[in-house]
Amino acid sequence: MPGKLKVKIVAGRHLPVMDRASDLTDAFVEVKFGNTTFKTDVYPKSLNPQWNSEWFKFEVDDEELQDEPLQITVLDHDTYSANDAIGKVYIDIDPLLYSEAATVISGWFPIYDTIHGIRGEINVVVKVDLFNDLNRFRQSSCGVKFFCTTSIPKCYRAVIIHGFVEELVVNEDPEYQWIDRIRTPRASNEARQRLISLMSGELQRKIGLKVLEMRGNAVVGYLQCFDLEGESGLVVRAIGTACTLDKLSNTSAFLPACNSPSKEMKEIPFNEDPNPNTHSSGPSTPLKNQTYSFSPSKSYSRQSSSSDTDLSLTPKTAPSPQGPRIFLFPSSPTLSCDSPHLKKSCLLLSGSSLNPLHSSHVSPVVLRKSVSFTEELLLAASGMGSGSAGKEGGPFKTLLRQQTQSALEQREFPFFTLTTFPPGFLVHVGGVVSARSVKLLDRIHNPDEPETRDAWWAEIRQEIKSHAKALGCHAVVGYSESTSICEEVCILSASGTAAVLNPRFLQDGTMEGCLEQRLSWQPGFFSIGSEKGEVDFFPQSQDSSSLLGIEEASPPGCGFCHIPYDELNMPFPAHLTYCYNCRKQKVPDVLFTTIDLPVEAIVIGKGCLIQARLCRLKKKAQAEANATSISNLLPFMEYEVHTQLMNKLKLRGMNALFGLRIQITVGENMLMGLASATGVYLAALPTPGGIQIAGKTPNDGTYEQHISHMQKKINDTIAKNKELYEINPPELPEEIIGSPIPEPRQRSRLLRSQSESSDEVTELDLSHGKKDAFVLEIDDTDAMEDVHSLLTDVPPPSGFYSCNTEIMPGINNWTPEIQMFTAVRVSRLSNINLTNQTLNKNFNDLCENLLKSLYFKLRSMVPCCLCHVNFTVALPEDELVQIAVTAVAITFDKNQALQANKAPTEKSQQRASTDNEDQLQFPLELCSDPLASQPFPPAKAASLDKASPLAEGYLRHRSVPSCTNSTVSVVKMTPLSFLPGAKITKYLGIINMFFIRETTSLREEGGVSGFLHAFIAEVFAMVRAHVAALGGNAVVSYIMKQCVFMENPNKNQAQCLINVSGDAVIFVRESELEMLPVQPSTVVSQPTSSGGDVTT
Amino acid sequence: MTSDLDIFVGNTTLIDEEVYQLWLDGHSVAEAVARRLRGGVLERAGTSVAVLQSDTRDHYRTFQMLERLLHAPPRLLQQLLFQIPPSRQAMLVQRYYAFEESFARELLGKKLSKGTKKDLDEISARTGVSIKSCRRQFDNFKRVFKAVEELRGPLADNIQQLFLLPPPLARDYAAVVFFANSRFETGKRRLQFLTFGDFAACAQHMMLHWTQGALAPEAAEPDGDVPKSFLQDLKELKVLVADKDLLDLHKSLVCTALRGKISVYNEMEANFKPLSRALVNVGGKLTHARDVRDFFVDLVEKVIEPCRSDKWSPADLRLFLGHYTAAPRALPAFRHQALWERYMAVITACLLRMYHD
C-alpha cells in the first residue's frame, strides 16, 4: 500500500553566520526521503530565510514509510566551493501512519549538527496521504500503535493482552568501518545516526508485523535498546507487549473541545507560521513556480537484517541446561548458617558449582562462553496449588490454573513488559526472577543471520521461564532486558516478576464484554486523587467484577501477596505466615518485585527509595579468561546486592520492594552492581524483624561495647525510619492470626533478617553465632564497612520523598507542578589503594552525594517527591564511573503531608512554597490551553504603564520584521505514564530519538561538563520540538536509555551518544475538565469506584 | 574521588535568583560559593559545601549558555533550548540589563568605544562595582547603542521593543544612548553633585520636547539627535536678550508678576539680565558640537550657581521660570512663541531637576 509523503519547508530563523565576509548566510534546504531528494531555492543573504517552498511529494511504499526517517538538511550555498552543511533535522514520520495519532507534523525544529549542536531552527510541515482508505493498514504493520508506557495507556482499553513480542536487527557499526578512517567525524556521526534511525524504523515495522500476526493492534511497554558492540557491530533490539486496544469512545463525548485537536490544526493556519500567505497555494506567489531540482541520490547501503520473524511455538533453542541455581533467601534460616565458616563454605560451594556448568558451556562450543546465574527472590504466598489453604479455593483454582496455563503455554515466552495492571489481572506474585549470561562478542559475520544474538536471548528467556515455573507461576510480568558491554565481553541480563495471571484477560472472545470493563480500569486512577471522573466510563464494572470468581478467591488488597507455589513443596525455604490482611492464605515474610505497586495494594505509611551499591575489583584479562572471572564474580555480587537490599529494607521497617532493578555493569577492572527499588510496608505481610549484630570475640569488653553501641544505633535508625515513613501497623491480637506471632517489635533478640512470624525464630534468635556472614560479623573490616554503609544512607531532607516507581505509596494529593531532570556525574576513582572497600565507599558516596545535590537543587519545590528515580551506571574507562539519573520531582499538597513534617520545619516549608508560587504560575497559566499547542500567553493590551514589560515589548515587536511572531509552546516531560492533575486525551505516537554529539574543542565549550550540559539541554529541546510539532504538549514515559560519553582531554575531544524515548501526548488540565459539561448519566454511576476505596 | 563531570539539566531550566545576581555581579564560582555559605543556605538546606559548589557551577554554566541569548532578548523568547517560564525570562532580561547608577553616571557622555572600555578598571575602582560587572554593563550600553543607532522613532520605545526591558529601564537606556550620542560633558568637578537620575531625567525631557520623534513618531531622523533645524531656530531666540527693549520689557513683566511672591525678589531683580542672557544663550550655542558638550556646565555655572549663592529656594526658581517662560506672550514684538515654549519646557525641567545640593 503506497503512500504520498508531502513536505513543505516554510522558513528558518536564527541561522548561524556562514559567510564571514557579509555576516550572513545563503541558505537552502535539501529534503530527502529514501532515495529521493528535493531542494528549495537559495534564500540569499539572510539569517531568517523565508523559503515558503511548494509541497515536495514523495511517492513511496509503506515499508519505506516505516523504516526511513525524513531527512532535512540545511546548507549554505557557496558559488565557488562545496556547499557547507549547517545542520540536519530527522523527522520520524511514524506518528502519521496510524489513524488515531497525529495527522500533521508542523512546527519549528532545531537544526542539529553533530559537531556544533543546535544551529538555528527550521519550520517544516509534513503530511502523509495513505492510499486505499478502506482497510487502511491491514496489509502492513503501519497501523500498529507503539507505546513506551508500561501500563494500558489512558484513554484506551485493552480488549486482549496478547503477550511478548521481541525482535532484533544487527548491522556493522559505521564508526568501525574502514571508511571511517577517511571521512570526517561529522560524516561518520551522521552515517551512524541515520543508520540507527533506519534500524529502529525497521525494527518497529517487524515488531508490528508480529503484532498483526497475533491479531493485536498495539505494542505497550515498548522498550528499544542499542548495543554498541564496537568492532563486532551494532545491535538494535526491542521487546514489548502486544495488545488489542480500543480507544475509549467516551473520551470525545466527555471532552468535546479536545477530541480532535490535530485535525483542527490541519485547517487552521499554523499559528507558528511566520508567513500565513504560504497556506494559500495560489500561483501568485512567485516562489510557487520555481522548479525544484530532483536528484535521486544514492541511498545509504545498508546490510541490516533481522532475525527470523516466525512465531513458531517450538522454542528456537533447547532450554539451557538447568545449572545449579542459587536461591538466595536472605530471610530464610537455611542460609544463615550456624557459623560464619559454614556460611562461607556454603557460598564457596555454590560458587564452585557454577564452574562445571561454565566449562561445559565453553568446551563444546567454539569460542563463545556462557555462564548463567540465576536467583529467585523469595516472595510468597497463598496455597495456590496446595489446596490446603482456602476452603473455597480448591476446584476453582485448579480450573483457573489450567486455563491460565493453556492460555499462556501457547506462547513461547509468557512475558509481559507491563509493570502496572488492571485490578484483578495479577492473581499472585511469586517473586523476582532474573538471569544473566556472560558472552564473548565476535564479529557478526553475516548480518542477515543474526542468530547468535537471537539464540543468546532465547536462552536467557528460557531460563527466566523455567525459574518462573519453579515458583509456581506461568507468567513473568514487569519483564525487562539489558546488556553491559566492555570490550569484547557482554553481560546479558533479564529480569521480571514471576506471577500468576487471571486467564480471562489473556483469552480471546468468550468473556470479552466483561474483560473490557475490567481491563479498562486504568492504573493510577485511584492513587492519583485528581483522576476522578474516570470511573464514569465503566458504569458496570462492579457487576462485571462480581462475575470474576477470582475476586472472591483473593481479596483485592492482599491477593497478589499470597504465595503461588505449593506450601508443602516450596521451591526454596521461606517463612510463611497467614496473610495479615485476610488471614486465610499464606504470605511470605518479604516480597520483592520488578513491577509497580498494584493500585489495590494496602500499604501502611509511605515508601522510599532503597538502593544497594556494590563494586568488585577484577583482574584485567583478555577474552575467555575475562569472561570466566566475570562469571565467577556474578553470583557473589548478586548475593551481596540482595543482602544489602534486605538489610536496608529492614532498617526502614518495611517488608516489600517494588520496581526492583538490578544493574550489573562491567568495566575493565571492576564490576559494579546497583540495585534500586521502592520499599513499602504491605499490610498483608508480617512486620519485619530488626537487625542484630554480634561480634566474633565475645570476651573482649570494649569490643562488646562497640557492638552494643552499633546495635543501638541500628535500632534507633529503625525506630526513626518508622516514624519518618509513618509505619504504624495495627497490632493484631494473636488469636486472629492463628499462628504463633512474635511479641511485637521486640528488638534486641533477632537475627538481622529474621522474620518474627515463624516458629524457628524464637530458637534461632538466641543471640550468639546465629548471624549472617555479611552483617552480623563485625570482626573484619569488610563487615564493619557494610554495617557502616547501612547507617550512612541518609534519609532525604524533610519535605522530600523519593521512589523509583510510578507513584509514591502514601502520597495521593499531587499538585500539577513537575520538574523532570537528568543529572550526570563522572568521577575518577583515586588510583591508589583500590580495594573493594574503598571502591564501595567511593561508589556509595558518589550515589549519596548525587541524591543530596538533587534534593538541594529542588529544594524550592518542597514538599515534593522524586518519582521514577532511575540510576544508570557506566564504566567508560579504567577509573571512571559514570552515573546518570533521570527522575521527576512532583509537588504535593503539604497539608496532607504535614504529619510527616514536624513543626520546626513547617515554617521553612511555607517559605519555600511561597517562593514556589512564582514558578507555579508558569504551568498553571501556560498549560491552560486545551488545544494542542500552548503558546506562552499572548499579552493583551500594551499600555506603557503595564506591569508586564516582556509581553508588552513582545507584542509591539511584531512589527519588527526580522523576528517572527511565533511563540514557543510549553512541553512537559515526565518519566511517569501520567501527569498529575491532568488527563491525557490523546497519544500522538512514540518518540524515539538517537543523537550523537562530538567536539574537537572541548575546553572552549566549557570542558566535559559544559559539553554534556549543552548536549542534554539540546536533546530535551529536540524532543520538545518534535512533540510540539506533532501537536502535543507533553512526553510521558520518557526515558534516557543510553548516554555513552567518551572523552579524550589530551586531544581536546569528546563524544557523546544519547538515546531517548517516550510517548508524545496531549493532556488537559483537570481544572478545565471540570468546567466542561459532564454528562449527567456518567456522574450517577460514581459509586462504582470501589477499587479506589481499598487503597485509601 | 573527584568529579570530573557533574551536571544537572531540568526540562524547565532551574534558575536561582540569588546565584544569578552573584553571577551578574561578576563573582567567580569560588566567591559565589563563599557568599552563599555566608548567606546561610547550608543551614537552611542542611547539605555539604560540595553540593553547594556543584549547584553553583551548574547555575553558572546555565547562565553562560543563556548569556548569548540575553544579548538579543527576543531570541530568548523564541529559542527552544531552554524552557523558561515567561516571568522568569523577564526577570533574567531585566536583571541582566540592570545597571549600577554610579557606574552609568561615570560613563555618561563618554564615547562607548574600546578606549573607554580599557578605562573600566579605573571606573570599577572608583565606583566599587566589580570589573566583570562593569564590562557587562558597558557591553550592554554599547549593544543597545548599536542596535538603536540607526532606528527611527522614539528611542525608549525602540529599546523596549528590541530588548524587552521594562519601560523605566528602557527610558534609562535611552538616556544613556542620548548622552553617548550628544556627548554632553558630565565629568566636570562642578557637575559632580548631579546624579545619574538627574541626567537621565534631563535627557528624557530633551527627547520628549526637542527631538524629532517628539513631533512625528515616524520622522526621518533617529531619535538620538536633536534636529539641526530646531537648533538653528534657537538662534532666533537671542532677540530676547539682544534687543534691549525686549529685555527690559521682559524683565518688567516678570518682576511685576513675581513681586511679593518670592523671597529672593531683590536678588532676582538684580540678576535678571545675566540670568536671562544665560538662559537664552545656552540654547543659542547648541548648533556647535563643542558648545553642546557644555550644555550642563553652562546651566550649572550660569544659572544654578548664581541662584544658589543667592539662596533661591527651589520654589523660587520654579515660580521665576514659570513667569519667565510665560512673559514673552505679552511681548508683541516677539514672534517665536511656540519655539520659545518648546525650548523653555526642557530648560525649566532640567533646571528644576538639577537644582539641589
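Output needed for the range A:827-896: three equivalent-ellipsoid semi-axes, defined as square roots of 5 times the C-alpha gyration tensor eigenvalues, in descending order, whole Å. Numbers along the way, then the final one.
Details: eigenvalues 196, 29, 15 Å².
Semi-axis lengths for the range A:827-896 are 31, 12, 9 Å.
With the Cα gyration tensor of the range B:82-127 in hand, convert its eigenvalues to equivalent ellipsoid semi-axes via √(5λ) and list them largest first in whole Å.
Numbers: eigenvalues 171, 26, 18 Å².
Values for the range B:82-127, descending: 29, 11, 10 Å.
Can you sort B:36, B:183, B:342 by 1.4 Å-probe accessible area, starting with the largest?
Working: B:36 0, B:183 80, B:342 55 Å².
I get B:183, B:342, B:36, largest accessible area first.
Tell me the Kirkwood hydrodynamic radius of the range B:220-357 in angstroms, computed as one over the mean inverse distance between distinct C-alpha pairs. Working shown, then result.
Values: mean 1/r = 0.0650 Å⁻¹.
One decimal place: 15.4 Å for the Kirkwood radius.
How many nm is it between the label spots at residue A:182 and residue B:149, if each spot is 7 Å from the Cα in line with the beta carbon?
Result for the modelled spin labels: 5.0 nm.
Quick one: what are the phi-derived ³J(HN,Hα) couplings along the range B:299-307, Karplus 6.51/-1.76/1.60 with θ = phi - 60°, whole Hz, x for glycine and proline?
4, 5, 5, 9, 10, 5, 5, x, 4
Please report the accessible area of residue A:434 (heavy atoms, 1.4 Å probe, ligands and nucleic acids excluded) in Å², nearest 10.
10 Å²
Find the eigenvalues of the gyration tensor of the Cα atoms of chain B, then list the square roots of 5 times those eigenvalues as equivalent ellipsoid semi-axes, largest first, in whole angstrom. Each step should come with its number before you reach the end.
On the way: eigenvalues 499, 95, 52 Å².
Each semi-axis is the square root of five times an eigenvalue, giving 50, 22, 16 Å.
Could you work out, residue by residue across B:158-164, how many beta carbons of other chains sit within 10 Å of that residue's beta carbon, and then give the average as an integer? Write out the running numbers ahead of the final one.
Working: counts 2, 1, 7, 10, 5, 2, 8.
Going residue by residue through B:158-164 and averaging, the value is 5.
What is the range A:73-121's relative contact order, in percent, from Cα pairs under 8 angstrom and six or more apart in sequence?
Value for the range A:73-121: 29 percent.
State the extension gain, in nm to one decimal, for the chain segment bounded by residue B:119 and residue B:67, taking 0.36 nm per residue of separation less the distance between their alpha-carbons.
Numbers: separation 52, 0.36 × 52 = 18.72 nm, distance 2.36 nm.
Using 0.36 nm per residue and subtracting the Cα-Cα distance, I get 16.4 nm.
How much length would be gained if the chain were fully extended between residue B:252 and residue B:31, taking 0.36 nm per residue of separation minus their Cα-Cα distance, in nm to one decimal? Working shown, then result.
Details: separation 221, 0.36 × 221 = 79.56 nm, distance 6.63 nm.
Full-extension gain reported as 72.9 nm.
Using a Förster distance of 45 Å, how high is the FRET efficiency between residue A:35 and residue A:215, based on the Cβ-Cβ distance and rounded to 0.05? Walk me through the intermediate numbers first.
Details: r = 34 Å, r/R0 = 0.76.
After rounding to 0.05, the efficiency reads 0.85.
Pop the C-beta distance of residue B:131 and residue A:705 into the FRET formula with R0 = 35 Å and round what comes out to the nearest 0.05. If you can, show how the numbers build up before the last one.
Details: r = 60 Å, r/R0 = 1.71.
So the FRET efficiency works out to roughly 0.05.
Run the simple label-point estimate for residue B:352 and residue B:102 please: 7 Å along Cα→C-beta, distance reported in nm.
Simple spin-label model gives 3.1 nm for this pair.
Within chain B, what's the longest run with no GluC sites (Glu not before Pro) in a DSSP loop and at most 10 other beta-carbon atoms within 10 Å? Give the range, please. Mind dumping the intermediate values first?
Values: sites that count: B:150, B:218.
Counting at most 10 other Cβ atoms within 10 Å as exposed, the longest clean stretch of chain B is B:1-149.
Tell me, which cysteines of chain B are without a disulfide-compatible partner by the Cβ under 4.7 Å rule?
Flagged as lacking a Cys partner: B:134, B:255, B:307.
Quick one: if you stick a label point 7 Å off each Cα along the C-beta vector at residue B:228 and residue A:84, how many nm between them?
Calculated label separation equals 4.1 nm.
Accessible area of residue A:838, 1.4 Å probe, to the nearest 10 Å²?
Roughly 60 Å² of residue A:838 is accessible to a 1.4 Å probe.
Which length gain, in nm to one decimal place, applies between residue A:19 and residue A:451 when the Cα-Cα distance is subtracted from 0.36 nm times their residue separation? Working shown, then result.
Values: separation 432, 0.36 × 432 = 155.52 nm, distance 5.13 nm.
That works out to 150.4 nm of additional length.
Can you give me the Cα centroid spacing of the range A:1032-1053 and the range B:67-83 in angstrom?
23 Å
Quick one: net charge around residue A:615, please, counting Lys, Arg +1 and Asp, Glu -1 for every other residue with C-beta under 11 Å from its C-beta. Let's see the in-between values first.
Details: positive: A:613, A:616, A:618, A:841; negative: A:640.
Summing Lys and Arg as +1 and Asp and Glu as -1 gives +3.
Can you order the peptides A:471-483, A:14-26 by their average number of other Cβ atoms within 10 Å per residue, highest first? Numbers along the way, then the final one.
Values: A:471-483: 25.6, A:14-26: 16.0.
Per-residue Cβ counts within 10 Å, averaged per peptide and sorted highest first, yield A:471-483, A:14-26.
Taking all pairs of different Cα atoms in the range A:576-732, averaging 1/r and flipping that mean, what Kirkwood radius in angstroms comes out? Provide the component values of the computation, followed by the final result.
Details: mean 1/r = 0.0563 Å⁻¹.
So the Kirkwood estimate lands at 17.8 Å.
If Lys and Arg each add +1 and Asp and Glu each add -1, what is the summed charge of the other residues whose beta carbon sits under 12 Å from the beta carbon of residue B:120?
Details: positive: B:110, B:114, B:117, B:118, B:126, B:132, B:135, B:136, B:142; negative: B:106, B:119, B:121, B:122, B:139.
The answer is +4.
Say the dipole of chain B comes from +1 at the beta carbon of Lys and Arg and -1 at that of Asp and Glu; which of B:160, B:59, B:254 then lies farthest toward its positive end?
B:254
Partner chain Cβ atoms within 10 Å, averaged over the residues of B:67-80 - can you pull that number for me?
Averaged over the peptide's residues, the number is 5.
Per-residue mean of other chain beta-carbon atoms within 10 angstrom of the beta-carbon, peptide A:970-978? Please report the intermediate quantities before stating the final value.
On the way: counts 5, 3, 3, 4, 1, 0, 0, 0, 0.
Taking the mean over all residues of the peptide, I get 2.
In debye to the nearest 20, how big a dipole does the range A:1-113 give about its Cα centre with +1 on each Lys and Arg Cβ and -1 on each Asp and Glu Cβ? Spell out each step's value before the answer.
Details: 10 positive and 20 negative charges, 102 e Å.
It comes to approximately 500 debye.
Could you state how much accessible area residue B:41 has, in square angstrom rounded to the nearest 10, with a 1.4 Å probe and all protein chains kept in place?
Here the accessible area works out near 0 Å².
For a paramagnetic label modelled at 7 Å from the Cα of residue B:193 toward its Cβ, which residues of the range B:335-357 fall within the zone defined by backbone nitrogen distances under 19 Å?
From the range B:335-357, the list is B:348-357.
Would you mind estimating how fast the range B:271-344 diffuses translationally, via Stokes-Einstein at 20 °C and 1.002 mPa s with the Kirkwood radius over Cα pairs, in µm²/s? Each step should come with its number before you reach the end.
Values: Rh = 13.3 Å.
Reported coefficient: 161 µm²/s.
The values are calculated or read from the model by the stated rules, or taken from the named source; none is laboratory data. Just so it is clear, the model here is predicted, and its values are computed rather than measured. Methodologically, a virtual Cβ is constructed for each residue, glycine included, from the backbone with ideal geometry; neighbour enumeration extends over all protein chains shown. Surface accessibility is based on the protein's heavy atoms, side chains included, excluding ligands, DNA and RNA. Shrake-Rupley method; radii C 1.70, N 1.55, O 1.52, S 1.80 Å.
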